[in-house]
Each structure stands twice: as C-alpha cells, then as structure tokens.
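Okay, so here's the structure we're looking at.
The values are calculated or read from the model by the stated rules, or taken from the named source; none is laboratory data. Since the model is a prediction, treat every value here as computed from it, not as a measurement. Note: ideal-geometry Cβ built from the backbone for every residue, glycine included; neighbour counts use all protein chains shown.
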Amino acid sequence: MTGLIAVLCIVLITLVVVQIGKVTELATKIRGEQDAQEEANNWSANFFLAFLFIFLFACIASAVYYKNDMLGYGPHIAASEHGPTLDYLFNLTLFFTGIVFIITHIFLFWFSYKYRGRRDRKALFFPHDNKLEVIWTAVPAIVMTLLVVGGLDAWNEVMADVGPDEEHIEIEATGVQFAWTMRYPGPDGALGTKYFKNITPINALGLDFNDEKCLDDIISSAAGEVIKLPVGKKVRVRITARDVLHNFDIPHFRVKMDAIPGLPTYFVFTPSITTEEYRDRLGSLKNDGTPMYPEWHEPYDPEDPESKKRYEEFYFELACAELCGKGHYSMRRIIDVVSEEEWKEWMDDQKSFYMTSIRGTDEDPHKGKLLDIEIKERRMDFNTKVEKALAATELTEKIIRLDHVNFETGSARLTALSRYELNNLFDFLNKNQNVTVELAGHTDNVGEPEANIILSDDRANAVYDYLLNKGVAADRMTVVGYGDTQPIESNDTAEGRQQNRRTEFKILTQ
Ligand SMILES: [Cu+2]
C-alpha cells in the first residue's frame with residue numbers, strides 16, 4: 001500500500017513539474033527570450049553571492065564550534081612527546097591550504113556574480129599567458145616543497161626506531177578479528193619469539209615456549225582490560241596482525257600504524273601526560289569557577305545524573321582504524337598512563353601467560369621438569385620457612401612441612417622432582433651443623449592404621465637415606481612414622497586427606 005502511494009506521489013509530482021515547465025515556456029514566449037535569460041542570470045548571480053557568504057561563514061563557524069572536539073585544539077593537546085611535531089605540521093598545512101581554500105572560493109563565486117552574462121557585455125579571454133602560467137605553477141610548487149620537506153623531516157623524527165642500547169619498553173600488539181592482544185615482556189624485559197605454526201586455541205599468538213623469554217611474557221586480550229603505560233618512558237610497540245589488515249591507532253598520542261598479516265611494523269612513542277593530568281585538563285575551571293569545557297562536566301552515564309563526570313572517567317583509547325569486519329568497533333581498548341612506580345607495581349601483579357595457561361598442560365614443553373625460576377622460588381620459600389622456625393620459641397613452630405617432597409602412590413619411592421626440596425634441606429643442615437632434626441612421615445586415614453604407620457615410617461626413612469647418602473651424620477636425624485595419628489585437616493574430603501599425607505621435619509636442637 002505504502003509503495004503504491006509513493007508511486008502515485010512520484011507520478012503526480014512529475015506531472016506538476018511538467019506543467020510548470022510548460023507554463024514557464026509560454027511566459028517566456030510572451031516576454032521575449034532574452035529578457036528571461038537575463039533575469040535568470042541575475043538570479044543565479046545573487047545565489048552565487050549568497051552562497052559565498054553563507055558557505056564561508058558556515059565553514060569558519062563550524063570550525064570554531066567544534067574546536068574543543070578536534071585533536072590538537074581545546075583540551076586535546078598531544079599526550080606523547082612526538083605529538084606536538086605532528087600537530088604543528090597539520091596546522092602549517094591547514095594554514096596554507098586554508099588561505100588557498102578561502103581565496104579560491106571568493107574568486108569562484110565573486111567572479112560568477114560580477115561577470116554574469118549580460119546582453120551589453122562580451123566575454124574577454126586569454127588563450128595563453130606565460131607569466132600567469134609561471135606564477136600559478138611556481139607558487140604552489142614552492143609551498144608544496146616546503147611542506148613536503150618539513151613533512152619528511154618530521155617523518156624521520158617520528159618514525160625513528162630505538163637505538164641499539166637505548167632504554168625502552170618493548171610491547172606487542174596483535175590485531176585479531178576483533179580484539180587487540182597485547183603482550184608485555186615480563187620481568188626479563190624481552191619478548192619471546194613466536195611462530196604461527198604454534199598457534200592453538202589456547203596459545204593464540206603461537207608463542208614458542210622453548211624460548212625462555214616467552215615464559216614470563218604477559219598477555220592481555222580481554223576488551224575490558226586496561227593497558228597501562230608509564231609516563232616519560234619510551235615505548236616501542238611491535239604491531240602485527242593474525243588475520244586481516246588492522247590499524248593500531250591511539251589518537252591522543254598521535255600514533256597510527258597499519259597492522260599487516262605477515263609483515264611486522266612498529267611505532268616508537270613516549271607518553272608525556274598521565275591520564276590523571278589529562279583528566280585535570282578536561283575538568284579545568286575558569287577564573288570565575290565555571291568549567292572551561294562544560295561538555296566534560298556532564299554525567300558519564302546520561303541516564304544517571306549522579307554518576308561521575310565525563311572527565312573523571314576519561315581514558316586514552318586504542319582503536320582499530322581499519323574497517324576490518326563487522327565487529328571492528330569492538331576492538332576499542334582503554335589505556336591508562338601512570339607514573340613509573342605505579343606501572344612497575346602493576347606489572348608485578350600481572351601473571352605470566354605461560355604459568356597461568358600453559359604450565360603442566362599437554363602444550364607445555366617443560367611438563368614434568370622444574371624451571372629455573374621455580375627452583376629458585378621454592379628455595380626462597382624454604383629458606384624463609386627455616387629462618388622463621390629457627391627464630392621461633394614454641395616447639396610447634398619448629399615443624400616445617402616439605403611441600404615438594406612426594407612419593408609414588410602407595411610406596412616409599414621418592415618422585416624425581418622431590419630432590420630439589422631435599423637438596424634445600426641438605427644445604428640447610430650443611431650450613432647449620434648444630435641442628436638436629438626429627439624426620440616425620442604422616443598419612444591419611446585410608447587403609448589399616450598399622451599399615452599406615454609402616455608406610456609413613458618407610459617414607460621418613462627414604463628422606464633419611466637420601467640425606468645420609470649426601471653426607472649428613474646419622475646421629476643428627478631421628479625418624480618417626482606417625483601414620484594417621486596426627487591429621488592437620490579433616491580426612492573426610494579429598495583435599496583434607498591430601499594435606500594429611502605429608503613429610504615434615506622438626507628442629508630439635510640448634
Ligand atoms: Cu581491526
């Protein structure tokens with residue numbers, strides 16, 4: 001029905017237009033062709049003049065009106081060290097093209113007005129003029145050369161890579177439909193290698209875990225996770241893509257670079273303003289106490305007038321500036337620039353991807369082996385425990401559980417990895433020759449109590465034998481098998497029973 005009405009409307013409008021045309025034609029014949037032509041020319045000329053003023057006014061007015069929303073103007077100063085260079089270049093280009101833009105429009109429309117067709121005037125034209133040709137070729141050429149040379153200079157400065165020994169933080173951004181996966185180097189400060197053939201559903205970047213540098217790398221890919229960066233520190237971002245073309249864009253930093261599958265690119269920049277400082281800028285007040293930028297003082301949530309103000313919720317943004325698919329918009333990530341101390345604290349809290357998602361799984365090439373870092377950690381852990389026990393006065397506090405000493409199921413055979421903890425114990429006894437210890441075995445309550453006593457005794461003896469072989473004097477160690485008589489947790493749950501199956505040592509003298 002609506003379609004039919006629309007068609008009818010179009011037909012009627014066409015009829016009206018045709019009729020008007022016929023009437024005008026008749027009127028022209030009555031008044032004479034030339035008069036009508038001249039009248040039409042006058043109308044057009046006036047419209048051209050009106051357009052000139054309205055158009056130029058609208059251009060300038062809109063620029064003034066939207067000034068505070070444009071990068072480089074109002075509150076939006078560049079938040080990186082190279083940013084002002086680019087802003088300057090943009091403004092310089094805008095200055096020259098702006099002049100040309102205004103002059104060209106004035107000439108175009110003013111001439112159309114002034115030299116409109118008249119019966120008593122004949123058009124004058126130059127077929128050729130060398131002087132004019134030279135002027136309007138040379139002037140743009142000189143201006144263009146200046147802009148291009150300035151631009152190349154800025155390009156070389158902005159795109160310079162870090163020097164061989166220059167201090168910087170190397171991070172990696174991988175564009176995937178539809179998210180940015182960020183990788184931080186972890187405590188070793190170096191990103192590990194990756195290879196696309198290693199990609200699995202869990203190992204989405206294809207990290208090579210045989211490369212030690214990969215083991216502490218931190219990965220952040222969830223859209224809600226904040227990307228933290230330290231202020232005043234040079235950051236080099238390796239930019240890659242896993243599927244299609246993406247574009248790594250942080251407008252406030254004036255950072256923008258294509259992310260190309262198979263061709264890594266990079267961008268080096270130094271954040272120069274913290275998020276907090278930028279918020280202060282957006283929320284700044286005039287001398288009379290009114291907001292400098294009122295739009296930033298509106299509630300962040302338009303539905304809730306009590307919510308925080310927009311400037312208080314401001315974050316820098318990472319976007320994808322390439323139309324990479326229909327979920328393209330969801331690649332937005334927020335960036336928080338903080339002080340170096342705060343950044344270090346935050347980094348310390350981040351967990352390595354390998355340790356949280358790969359360690360111990362079938363994808364782990366180090367499965368069944370202890371990593372150097374784990375050995376070191378366990379040793380530190382052990383040393384803190386013995387120091388505490390040596391300092392303690394209560395006898396119960398002198399008992400130390402050997403968390404990493406394990407036996408094969410139902411037997412008194414030490415597992416291969418137990419030696420690390422036993423070596424820690426040996427080192428301790430070796431260093432503290434006055435210390436004598438009781439080695440104690442415990443079991444859960446599964447099975448016959450007598451059998452448990454025997455098993456725990458055998459297990460404690462296995463530890464005794466290990467230490468004896470290493471050279472600890474026999475008279476410094478006593479062995480006790482407690483069986484299931486001293487549970488530390490309830491035997492009703494699997495976890496409780498696991499806690500109860502344990503090997504301990506007690507410092508008797510020191
Ligand atoms: Cu994208």
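Below are the figures for this structure:
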read-out	value
Those residues of the stretch 242-258 which are among the aromatic types (Phe, Trp, Tyr) and either touching a Lys or Arg at 6+ places or on another chain (Cβ under 8 Å) or in a strand (DSSP E or B) (or both), in sequence order	Phe248
Residue count for the stretch 438-485, restricted to those that are in a loop (DSSP other than H, G, I, E, B) and loosely packed, with under 14 Cβ neighbours inside 10 Å	6
Top-ranked residue of the stretch 168-212 - restricted to ones that are of a type in the set (Lys, Arg) and within 30 Å of Tyr315 (Cβ to Cβ), ranked as modelled with the lowest pLDDT	Lys194
Where Thr290 falls short, out of the listed (1) over 30 Å from Pro185 (Cβ atoms); (2) not assigned by TED's automatic domain parsing to the domain that holds Ser272	(2)
Of all residues making up the stretch 147-194, the number that are among the β-branched types (Val, Ile, Thr), farther than 11 Å from Arg236 by Cβ and either assigned to a loop (DSSP other than H, G, I, E, B) or away from the ligand (no atom under 16 Å from the Cβ) (or both)	4
Residues satisfying the stated conditions in the stretch 248-268, i.e. within 10 Å of the ligand (Cβ to nearest atom) and within 13 Å of the chain's Cα centre (by Cα)	Phe248, Asp249
Subset of the stretch 215-241 [part of a loop (DSSP other than H, G, I, E, B) and surrounded by fewer than 18 Cβ atoms within 10 Å (Cβ to Cβ)]	Ser221, Ala222, Ala223, Gly224, Glu225, Val226, Gly232, Lys233, Lys234
Flag if Asn210 is touching an Asp or Glu at 6+ places or on another chain (Cβ under 9 Å), more than 16 Å from the ligand (Cβ to nearest atom), over 14 Å from Pro185 (Cα atoms) and of a type in the set (S, T, N, Q)	no
Of all residues making up the stretch 350-387, the number that are farther than 30 Å from Pro230 by Cβ, of a type in the set (S, T, N, Q) and either assigned by TED's automatic domain parsing to the domain that holds Pro230 or outside any helix (DSSP H, G or I) (or both)	1
Qualifying position, being over 30 Å from Asp161 (Cβ atoms), assigned by TED's automatic domain parsing to the domain that holds Phe107, assigned to a helix (DSSP H, G or I) and touching a Lys or Arg at 6+ places or on another chain (Cβ under 7 Å), among Ala50, Ala45	Ala45
Scope the stretch 320-333; condition surrounded by fewer than 17 Cβ atoms within 10 Å (Cβ to Cβ) and hydrophobic (A, V, I, L, M, F, W, C); matching residues	Leu323
Contacts under 7 angstrom Cβ, first residue in the stretch 353-366 being among the hydrophobic types (A, V, I, L, M, F, W, C), partner not in a loop (DSSP other than H, G, I, E, B), 6 or more apart	Phe353/Ile218; Phe353/Ile219
Answer residue from the stretch 486-510, given it is β-branched (Val, Ile, Thr) and buried (at least 18 other Cβ atoms within 10 Å of the Cβ) and is nearest to Ala392 (Cα to Cα) among those	Ile507
Pair list, Cβ < 7 Å and 6+ apart or interchain, from the stretch 381-400 residues that are within 16 Å of Ala440 (Cβ to Cβ) to residues that are among the charged types (D, E, K, R) and outside any helix (DSSP H, G or I)	Lys398/Lys506; Ile399/Glu504; Ile399/Lys506; Ile400/Glu504
Test for Thr24: is it assigned to a helix (DSSP H, G or I) and over 30 Å from Ala141 (Cβ atoms)	yes
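Residues are listed down the side, and each one gets a yes or a no for (1) surrounded by 14 or more Cβ atoms within 10 Å (Cβ to Cβ); (2) within 16 Å of the ligand (Cβ to nearest atom):
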| residue | (1), (2) |
| --- | --- |
| Lys309 | yes, no |
| Leu318 | yes, yes |
| Glu341 | no, no |
| Glu345 | no, no |
| Met355 | yes, no |
| Arg359 | yes, no |
| Lys367 | no, no |
| Arg378 | yes, no |
